[in-house]
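*Asks:* My questions all concern the structure below.
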Amino acid sequence: MQLVGSLGMPAPHYPHMLEMIGAGKLNPVQLATKRISLNEAGAEIEVMPRYETWA
């Protein structure tokens, strides 16, 4: 797995997230809802704060 960035999750939280993945408590495949092209990335990043995924 390669982590290349995130929105809304500070890098200091990555170790805990990776521990959860390693322990089988978090399945990152379930977190991805769609694939986008690199050309679509800029527009998608702009709307990400409006996603209804925050706890």
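The values are calculated or read from the model by the stated rules, or taken from the named source; none is laboratory data. Predicted model, so just to flag it, every value in this text is computed and none were measured. Heads up, the Cβs are rebuilt from the backbone with ideal geometry, glycines too, and the neighbour counts pull from every protein chain shown.
*Asks:* Residue under question is Gly24, and the condition is that it be in a loop (DSSP other than H, G, I, E, B), at pLDDT 85 or above and among the small types (Gly, Ala, Ser); does it hold?
*Replies:* yes
*Asks:* Next question, about the same structure. Quick check on Leu18: is it among the aliphatic types (A, V, I, L, M) and surrounded by 10 or more Cβ atoms within 10 Å (Cβ to Cβ)?
*Replies:* Yes, satisfied.
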